Amino acid sequence: MFSHIVIFWTKTEVPNAADALLAGIEKLLKPIPGVLHFHAGKMVGSPRPVVEQSYQIALNLIFADKQAQDDYQVHPLHVEFVNTVFKETCQKAVIYDFE
């Protein structure tokens, strides 16, 4: 199993950036083959100080193995997402990959 987690910080100057980002994730990333588990959503506030709360959107994907994730990265829909949605709505992303 290979997990790919992406934490997104949206551009404050782009109106509705979080909603546009989430819509783009659903439209362009969800259909890519090889994803065993797909979950994307908005940050949920917490009174616990150990919970990171400065981001807007998170994406959690699980693949069978690293090769499936590598194939996902070069898929035309992923490339389109990066070029048309991510670059327009995000100022920063942090990615966690682990097996």
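Things to note:
- J(HN,Hα) series, region 56-70, from Karplus relation 6.51 cos²θ - 1.76 cosθ + 1.60, nearest Hz, glycine and proline x: 10, 9, 10, 10, 10, 10, 10, 10, 5, 7, 5, 4, 4, 5, 4
- Cα gyration tensor shape for region 26-99, rounded if a/c is under 1.5, else prolate or oblate: oblate
- Given charges at Cβ of Lys, Arg, Asp, Glu: the chain dipole, positive-most of A20, I5, Q67: A20
No value in this document is a laboratory result; all are computed from the given coordinates. What you see is a predicted model; the values in this text were computed from it and never measured. When we count neighbours, we look across all protein chains shown, and the Cβ atoms used for this are built from the backbone with ideal geometry, even at glycine.
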